Amino acid sequence: LDESDDSLVYRFPVYNQEIKMGAQLTVRENQAALFINEGKAADLFGPGRYELSTQNIPILTKILSLPFGFKSPFRCEVVFVSLRTLPDLKWGTREPVAFRDKELGLVRLRAFGTYGLKVIDPMVFASSLVANEARYNASHAEEYLKSTIVQALNDWLGTHLKSVLDLPSQYDEVSKELGATLDADVKRFGLSIENFRLNAITPPESVQQAIDE
């Protein structure tokens, strides 16, 4: 059970990393269990209850050269991966983004919004991002994604926007295009971006006064 409500991965604490053949593995709905040998993903289990045997861990059996009907403990790591969407994660610009406005000159903009994050390929995700972490939370992914989002926003502003005066009418368009760009980028990590939203882009107070005037 996930007490934190924002875990993407939890590495199950197995004593000495030894698992007895015949042990029971329980995987809940919206979870996957991944067996890892020497840092490499092996067998994957979806929701259900399993009695471990050489028949249902074929990749590990092959890697470890386990004989059929093997009963002794074998050494392996088990991680549980959450497959549910983590909604309403927040993003924002730490530092203002410089934008050359055709009417107002150089303007420094701040932006913020929300998005959902989901693991769509547990094996790729665990192999590429989780590494040796005992627990991988949304905050780990958010740190990586913040810089990626800001870079994508920079590219969009430079390519599509002429003046911040036009921004309010383009929030939906920005949200859709940035969401699609980011989703394509994180798929290589076995992740998916859902319902990406740009909630606001705000210029400095002096520029806001000029806009009002």
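The values are calculated or read from the model by the stated rules, or taken from the named source; none is laboratory data. Note that the structure is predicted; figures quoted are calculated from it, not measured. Don't worry about glycine lacking a Cβ; one is built from the backbone with ideal geometry, like all the others, and counts go over all protein chains shown. When the accessible area is computed, the model is the full protein with side chains, heavy atoms only, and any ligands, DNA or RNA have been set aside. Shrake-Rupley method; radii C 1.70, N 1.55, O 1.52, S 1.80 Å.
Here is how the numbers come out for the structure above:
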{"item": "Conditions (1) under 21 Å from LEU106 (Cα atoms); (2) surrounded by 13 or more Cβ atoms within 10 Å (Cβ to Cβ): number failed by GLY179", "result": "(1)"}
{"item": "The listed residue being among the hydrophobic types (A, V, I, L, M, F, W, C) and closer than 24 Å to GLY39 by Cβ, out of LEU153, LEU129", "result": "LEU129"}
{"item": "Tabulated pairs, the stretch 172-185, first assigned to a helix (DSSP H, G or I), second open to solvent by 30 Å² or more (accessible area, probe 1.4 Å), C-beta under 6 angstrom, 6+ apart or interchain", "result": "SER175/ARG197"}
{"item": "Filter result (part of a helix (DSSP H, G or I) and either farther than 30 Å from PRO122 by Cα or open to solvent by 20 Å² or more (accessible area, probe 1.4 Å) (or both)) within the stretch 186-213", "result": "LYS187, ARG188, PHE189, GLU205, SER206, VAL207, GLN208, GLN209, ALA210, ILE211, ASP212"}
{"item": "Cβ-Cβ under 7 Å pairs, at least 6 apart or on other chains, the stretch 28-57 side over 21 Å from ASP2 (Cα atoms), far side open to solvent by 80 Å² or more (accessible area, probe 1.4 Å) and of a type in the set (Phe, Trp, Tyr)", "result": "THR54/PHE68"}
{"item": "Residue match in the stretch 43-50 (condition: at pLDDT 90 or above, open to solvent by less than 70 Å² (accessible area, probe 1.4 Å) and touching a helix residue (DSSP H, G or I) at 6+ places or on another chain (Cβ under 6 Å))", "result": "yes"}
{"item": "Pair list, Cβ under 7 Å, 6 or more apart: the stretch 145-158 residue touching a residue at least 12 places away in the same chain (Cβ under 8 Å), other residue assigned to a helix (DSSP H, G or I) and open to solvent by 60 Å² or more (accessible area, probe 1.4 Å)", "result": "ALA152/THR181; TRP156/GLU177"}
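Okay, residues lined up against (1) surrounded by 15 or more Cβ atoms within 10 Å (Cβ to Cβ); (2) on the phi < 0 side of the Ramachandran plot:
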site	(1), (2)
VAL78	yes, yes
ASP88	no, no
GLU95	no, yes
LEU109	yes, yes
VAL124	yes, yes
TYR136	yes, yes
TYR144	no, yes
